[in-house]
Amino acid sequence: MSELQLMVLVVAVIYLWECGVWLRRGAVAFRMDARGRWRLHHPATALGNPAGGLVLAPPLPPLGYLIPAAQSPLSVGPDGVFAYVAQCLNPGWRPPQSGRWLPFTDVRDLTVSGRRLRVGKLTLVTTNSLYQAGSLAAQLRELAALPATRREQALAATLRAAFDTAAIQARWQTFAPLARPLRNSCNLLWCYLFLLAPAAIWRFGFLRTWLPVLLVLLAFTITNTVLFHRAHRRLYPMEEDDRLTQDCLILLAPASSARAHDTLARHLFTGFHPLAVAQVLLSPEDFTAFARRVVLELRHPVLPVCPESAPPAALATEAAARTALLGAVTNFLQGQKINVPDLTRPPERAEPACLTYCPRCESQFTTPDGTCPDCNCLPLAKFPG
Ligand SMILES: [Zn+2]
């Protein structure tokens, strides 16, 4: 392998690394393809572990976006916070969770450390991103400052805001024109990095071309840094520390610079429920399929619903939070003119011999009763008739 080939290979490997996004289970990613269509992706099981998995952004031009959206990793009630949720948006098992119960009287000394939300020295929960951790910390501080009687009202308002599709649309309308010049520049940088610069070095030799190649590369990374900085300041005005870190990366690492548009999009929908984001971005068919999965999971989470060691107050908080979320999802779907009983009707029988099905994962069985082995002994439901 020549030195030029090795150099291109190293840059390509770093670039592919930049295309990967680690998602904690309980999050999904919306990926835009070359034709501008959005698809839903769950954390990979092959490239992942029980806590999360990798999702790859489209690596070839025209470069699209990859935008994650995550469910809240906390069950919050008027009395306290339970660092546990029974439902998981993704197929398969729920992720490991700390299961810490924290009454609001003990919500003091709340800090954000990277993706972790900490109370004193203890990690309450590991979130999907620094921004989600910050958003949850702000929400908990606000709730802790309220009298208990007003917390229920505040929680209901937070849930309503999480399903506000008009706000999601507005966010996208703000983002799209800000990101367009950056995305164009990223596409040009990709072509320069992987086609033009190697071709110039191959044709004229490294000694004659290294300086002009480097100067053009620098012009690209400076342009991307300026465009990213301006757009980021507008979209995430409070995230100054992260902005500085990303500015440095985009300026000094060409592979990161070629994905700057994606970095800008990554936290766009923090705080919104993934189902509401799906309604805005996905086709009606894909949205309906995802909605069915969300409702079934809320109604029939994998067993045991809660850890056996959880105190009664935590169990009550989990049940109340899941019921409130199911109510919000149902209202939201009705608002989208979706008939929820129709949406959650039993699946079609795969074969006439099938008598029962799992109400969560929808596996079908020929036995007249029993439990689903994939959902930790969740009782099966009978097919009608
Ligand atoms: Zn099942």
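Readers should treat all values here as calculations from the given coordinates under stated rules, not as data from a laboratory. Everything numeric here is computed off the predicted structure, so don't read it as measured data. Backbone-built Cβ (ideal geometry, glycine too); neighbour counts: all protein chains shown.
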Check your understanding: Residues with beta-carbon under 12 Å from that of Lys382, excluding Lys382: net charge, scoring Lys, Arg +1 and Asp, Glu -1?
Key -> 0
Practice item. Anything in the chain that counts as a DSSP H helix reaching 15 Å or more along its axis (C-alpha) with Kyte-Doolittle mean of at least 1.6? List them, would you? Key: 3-19
Exercise for review: Report the equivalent ellipsoid semi-axes for region 46-198 in whole Å, largest first, defined as the square roots of five times the eigenvalues of the gyration tensor built from alpha carbon atoms.
Suggested key: 36, 20, 15
Check your understanding: Within region 246-328, which GluC sites (Glu not before Pro) sit in a loop by DSSP and count at most 15 neighbouring Cβ atoms inside 10 Å?
Key -> Glu308
Exercise for review: Grab the beta carbon distance between Ala316 and Ser363, set R0 = 45 Å, and tell me the FRET efficiency rounded to 0.05.
Suggested key: 0.90
Practice item. Would you mind calculating the relative contact order of region 346-385 from Cα pairs under 8 angstrom and at least 6 residues apart, reporting the percent as a whole number? Key: 37 percent
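Treating only the Cβ of Lys, Arg, Asp and Glu as charged (+1, +1, -1, -1), what charge dipole size does the chain show about its Cα centre? Round to the nearest 20 debye.
Here the size comes out at about 620 debye.
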Review point. With a 10 Å Cβ neighbour count serving as the proxy for reagent exposure, in which order, fewest first, do Ile250, Ile201, Ile168, Ile222 appear?
Key: Ile222, Ile201, Ile168, Ile250
Check your understanding: Can you list the residues, at least 5 places off or on another chain, whose amide H is less than 5 Å from the amide H of Leu303, using H built in the peptide plane?
Key -> Leu378
**Study point:** Loop-located trypsin sites (Lys or Arg not before Pro) in region 1-43, at most 12 other Cβ atoms within 10 Å (DSSP)
**Key:** Arg35
Check your understanding: Once Rh is set to the Kirkwood radius over Cα pairs, what Stokes-Einstein translational diffusion coefficient, in µm²/s, holds for the chain at a temperature of 10 °C and a viscosity of 1.306 mPa s?
Key -> 69 µm²/s
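Using the Kirkwood radius built from alpha carbon pairs, what does the Stokes-Einstein equation give as D for region 346-385 at 37 °C and 0.692 mPa s, in µm² per second?
Estimated via Stokes-Einstein, D reaches 335 µm²/s.
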Review point. List the trypsin sites (Lys or Arg not before Pro) in region 280-341 that DSSP assigns to loop (not H, G, I, E or B) and whose Cβ has at most 10 other Cβ atoms within 10 Å. Which are they?
Key: Lys337
